[in-house]
Every structure is written in C-alpha cells, then in structure tokens.
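Notes follow the structure.
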Amino acid sequence: MLSKACKYAIRAVLYLAINSSKTKKIGIKKIAEELETPQPFLAKLLQQLSTHKLVSSTKGPGGGFFLTEKDLEITLWDIVLSIDGTEKFNQCFLGLSVCSDEHPCPAHHMVKPFRNAVLSDFKHKNILKLREEIKADGTCLSLKILED
C-alpha cells in the first residue's frame, strides 16, 4: 500500500522522534546507518519532508535533522501525503482500473474496511503518540538492533 520511499520516510521520522531534539540534531549518515537505508535516497526524502515543514533541519557544523514539539504533532497521513500522495489509498486492491462501491472488484468489500481503518489511524495518530507507543511496547524501527 505504501511505497518504499514512504516507508523509509516514516521510519526516519519515528527515528528522529525517539533520538533527536532541538539540542540533539542527527546527520543523514547516522540515520541511514541506523535504519539500514540508502543514504542519498533518505537524504532526498528528509529534504522533502523538511521542505513541507514536517521535520526540522539545520545546516553546517552541529547541524542535522530533528523534530520540534510542533513536528511531533504531525500524523502519519501528513508524511504519506508528502511522499506518496493519496493515490495508493484509492487504488484497487487487485489492480483494476475501475473499482468503486458502485463497480466493485471481487476483493473490494473485503479490503474496504481494512483500508478505512488504516486510513483513519494514519490520519489521527500523531508522531508523539507513536513515539510513546514505541517506547512502551518496545517495537523496533530497524532489524540492525536485533542482529547485534
């Protein structure tokens, strides 16, 4: 449902939510290493998120990416809109060019409740809430942690 770019962007924002602050900025090299993502690709994604004011950054020595209190209020949907747009959520699950409530594909009515639930969560859960859940539940953002 989400592109690889969008998945990388979400992981990067969550990584920043856990590890950065106004006084602790993180460079792209460190983020890419920790998340095991291609550095040039991730740099473009974070720059795009910065342009859309979803993450903060500073240049120069001591610079890097970080999240402000305002940035923590963004939702997963904000990231999806910035990277993928809405098209992926409107596509037919089976890939048909025409699929709607009026002209459903065979899987439409099975997939619609799942899609609506994911969409609702993405629109209503902010990064701050996800950060709290990650810390409480011990979920991971990288398999690198498990390999050590």
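The values are calculated or read from the model by the stated rules, or taken from the named source; none is laboratory data. Since we're looking at a predicted model, the values are computed, not measured. When we count neighbours, we look across all protein chains shown, and the Cβ atoms used for this are built from the backbone with ideal geometry, even at glycine.
Against the criterion of being assigned to a helix (DSSP H, G or I) and without any contact (Cβ under 8 Å) to a residue 24 or more places away in the chain, residue 53 does not qualify. Residue 98 meets the conditions (1) in a helix (DSSP H, G or I); (2) of a type in the set (Val, Ile, Thr); (3) more than 16 Å from residue 20 (Cα to Cα) in every case but one. The failed one is (1).
The single condition among (1) surrounded by 15 or more Cβ atoms within 10 Å (Cβ to Cβ); (2) touching a strand residue (DSSP E or B) at 6+ places or on another chain (Cβ under 6 Å); (3) closer than 30 Å to residue 117 by Cα; (4) not hydroxyl-bearing (Ser, Thr, Tyr) that residue 25 does not meet is (3). Taking each residue of segment 122-134 that is of a type in the set (S, T, N, Q) and looking for partners that are outside any helix (DSSP H, G or I) with beta-carbon atoms closer than 6 Å, six or more apart or interchain, yields 126/75. For the condition at pLDDT below 95, of a type outside the set (Val, Ile, Thr), part of a helix (DSSP H, G or I) and within 25 Å of residue 112 (Cα to Cα), residue 89 qualifies.
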